[in-house]
Ligand code: HEM
Ligand code: SF4
Ligand code: FES
């Protein structure tokens, strides 16, 4: 049938201070399970054995929240392109496989426990510029500002970024350029965002640098692993907007 | 900090410096190869020596050459610093490594630092062997129609008749090819020049450049060696 015997090598780490290591577990899974369901089964097994269950993050389990961060056999969210871990199914693996599961690695994403890392650096980048300033009041009519289809689509493509951090995890430099460029590209392409475009890109890049992410070497590993298939064209856009804004903004800092 | 140093020391600013110095070096390699190909003219080095004389005495070229030394230094020092900073930002890798890339060779892109260090070692040896001899060394003189010029052709012939050096030279060109296979197109992306209409052409040009230019450089010692043995 569809049962599969698997060997899991999973990163276990008590807390941020302790040193972690890979622990080996045997598990019987079904090919119809999602990867997270397979980990749920592992945790039931661990609880029955009176062992500490594995800590891993998850929320929506439907590919929209970006919580389910982990690196599976060297790839963030596993081998299937354009999916998060919750949408990865065990049929992507074979009976008898050994699967290595590690937390996202980046100095700016410290491990909290086991597979859970602290991605609040992303929140601070968004806070630094991922908004538009409008006076609240009556809700504005949705179509009061005309936006052509191509621009709307390009902005929307960038806006699909779920802030999962797979780009940082995949990058050998732990660079957050794909994420930050998606956020910049989302708003800077739209008329509502254009007003603050220069300051937005300056602030967001400066916050990104402050968080200690690496620089972009244009490896494009981020694009290959992004569950929303965000394009590195956004990185080029952010680069030219940053260069332009630095050279032409009226501010001297 | 002034806005300008904030700009140039930001992550994107630092990459901008890498990209512009890299592109300058790309243009330089093309000029340098055109010069070197004159070694292949079978005239006992006359054309090449006259060219070497011109390159070391023309004031415009002299000024450009100071820029070149500064840019190589800047590119190498900044490159190594960035590379170390990036490795530190990763803070250790994965037990299983499986880096994919969409439009470059991940192995080259990840190892630009190592490739660069090898190029730097080659450059230092290369400069000692030819450039320093031309500047300070006691090269034999040769007289062409009453004009005394340094005979740089002699150390070139010596170097290229040594099989060990020829192999080292050719391997170094392979390393430059790898560096540029990633670097050429990467420098355009860094500048923000990524466009559906032009990027495929830039990618193609980069591949052609990184094969043809190192190949051109490598052919010279190979042909010299074959001719002399
Ligand atoms: C003939 C000599 C060289 C040429 C033509 C050259 C060209 C380039 C180009 C075009 C780039 C891409 C810049 C970008 O991504 O924006 C680059 C990147 C790089 N180069 Fe060079 N380079 C040369 C020598 C060196 C040397 C001697 C070193 C170091 C010792 C070096 C280290 C690096 C590093 C580390 C990068 C990657 C920067 C990054 O993307 O993070 N290069 N080079
Ligand atoms: S760019 Fe892609 S990989 Fe990076 S945070 Fe956004 S969705 Fe995740
Ligand atoms: S749990 Fe929300 S995207 Fe996977």
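A search for C-beta distances below 6 Å between a residue of region B:184-207 that is more than 8 Å from chain A (Cβ to nearest Cβ) and over 20 Å from residue B:108 (Cβ atoms) and any residue that is at pLDDT below 95 and within 16 Å of ligand 3 (Cβ to nearest atom), counting only pairs 6+ apart in sequence or on different chains, returns nothing. Among helices (runs of 4 or more DSSP H) entirely within region B:72-163, having at least 3 residues that are crowded, with 18+ Cβ neighbours inside 10 Å singles out B:106-110, B:112-126, B:153-160. Within region A:84-116, restricting attention to residues that are surrounded by fewer than 18 Cβ atoms within 10 Å (Cβ to Cβ) and over 17 Å from residue A:27 (Cβ atoms), the residue that is nearest to ligand 3 (Cβ to nearest atom) is A:112.
Could you tell me whether region B:107-122 includes any residue that is more than 30 Å from residue A:213 (Cα to Cα) and at pLDDT 95 or above? Within region B:107-122, one or more residues are more than 30 Å from residue A:213 (Cα to Cα) and at pLDDT 95 or above. Total residues in region B:97-135 satisfying the condition of being within 16 Å of ligand 2 (Cβ to nearest atom) and touching a strand residue (DSSP E or B) at 6+ places or on another chain (Cβ under 9 Å): the figure is 3.
Take the conditions (1) within 26 Å of residue A:80 (Cβ to Cβ); (2) more than 7 Å from chain B (Cβ to nearest Cβ); (3) in contact (Cβ under 8 Å) with a residue 60 or more places away in the chain; residue A:213 misses just one of them, which is (2). Candidates are the residues of region A:185-211 that are under 12 Å from residue B:11 (Cβ atoms) and part of a helix (DSSP H, G or I); the one that is nearest to the chain's Cα centre (by Cα) is A:208.
A count restricted to region A:117-138 and to residues that are assigned to a helix (DSSP H, G or I), surrounded by fewer than 19 Cβ atoms within 10 Å (Cβ to Cβ) and under 15 Å from the mean Cα position of the chain (by Cα) stands at 4. Restrict the check to region A:43-64 and report whether at least one residue is within 26 Å of residue B:106 (Cα to Cα) and either within 16 Å of ligand 1 (Cβ to nearest atom) or surrounded by fewer than 15 Cβ atoms within 10 Å (Cβ to Cβ) (or both). Scanning region A:43-64 turns up no residue that is within 26 Å of residue B:106 (Cα to Cα) and either within 16 Å of ligand 1 (Cβ to nearest atom) or surrounded by fewer than 15 Cβ atoms within 10 Å (Cβ to Cβ) (or both).
Just one of the numbered conditions (1) away from ligand 1 (no atom under 16 Å from the Cβ); (2) within 14 Å of another protein chain (Cβ to nearest Cβ); (3) in contact (Cβ under 8 Å) with a residue 24 or more places away in the chain is not true of residue A:150: (3). Checking A:246, A:206 one by one, the residue that is in contact with a helix residue (DSSP H, G or I) (Cβ under 6 Å, 6 or more places away or on another chain), at the interface with chain B (Cβ under 8 Å from one of its Cβ atoms) and at pLDDT 95 or above is A:246 and no other. Taken over region A:44-75, the criterion of being more than 12 Å from ligand 3 (Cβ to nearest atom) and within 26 Å of residue B:93 (Cα to Cα) is satisfied by A:52, A:53, A:54, A:55, A:71, A:72, A:73, A:74, A:75.
Scan (1) modelled with pLDDT under 95; (2) closer than 14 Å to residue A:36 by Cβ for the single condition residue A:139 breaks and write down its number. Tallying (1) modelled with pLDDT under 95; (2) closer than 14 Å to residue A:36 by Cβ, residue A:139 fails exactly one: (2). Checking each residue in region A:179-200 for being within 16 Å of ligand 2 (Cβ to nearest atom) and within 15 Å of residue A:157 (Cβ to Cβ) picks out A:179, A:181, A:182, A:183, A:184, A:185, A:186, A:187, A:188, A:189.
Screening residue B:4 on (1) at the interface with another protein chain (Cβ under 10 Å from one of its Cβ atoms); (2) farther than 30 Å from residue A:227 by Cβ; (3) not in a helix (DSSP H, G or I) shows it passes everything except condition (3).
Of the candidates A:194, A:228, the single residue that is without any contact (Cβ under 8 Å) to a residue 40 or more places away in the chain and touching a helix residue (DSSP H, G or I) at 6+ places or on another chain (Cβ under 9 Å) is A:194. Exactly one residue out of A:222, A:161 is in a loop (DSSP other than H, G, I, E, B) and closer than 27 Å to residue A:78 by Cα: that is A:161.
For every residue, the table says whether it meets (1) assigned to a helix (DSSP H, G or I); (2) more than 14 Å from chain B (Cβ to nearest Cβ); (3) under 20 Å from residue A:117 (Cβ atoms); (4) at pLDDT 95 or above.
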position	(1), (2), (3), (4)
A:145	no, yes, no, no
A:169	yes, no, yes, yes
A:178	yes, no, yes, yes
A:183	yes, yes, yes, yes
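Taken over region A:1-19, residues that are surrounded by fewer than 16 Cβ atoms within 10 Å (Cβ to Cβ) and under 19 Å from residue A:102 (Cβ atoms) amount to 7. Residue A:166 meets the conditions (1) over 17 Å from residue B:15 (Cβ atoms); (2) more than 16 Å from ligand 3 (Cβ to nearest atom); (3) in contact with a helix residue (DSSP H, G or I) (Cβ under 6 Å, 6 or more places away or on another chain) in every case but one. The failed one is (2).
The values are calculated or read from the model by the stated rules, or taken from the named source; none is laboratory data. None of the values given here were measured: they were computed from a predicted structure. Neighbour counts are summed over all protein chains in view; Cβ atoms, including those assigned to glycine, are modelled from backbone coordinates with ideal geometry.
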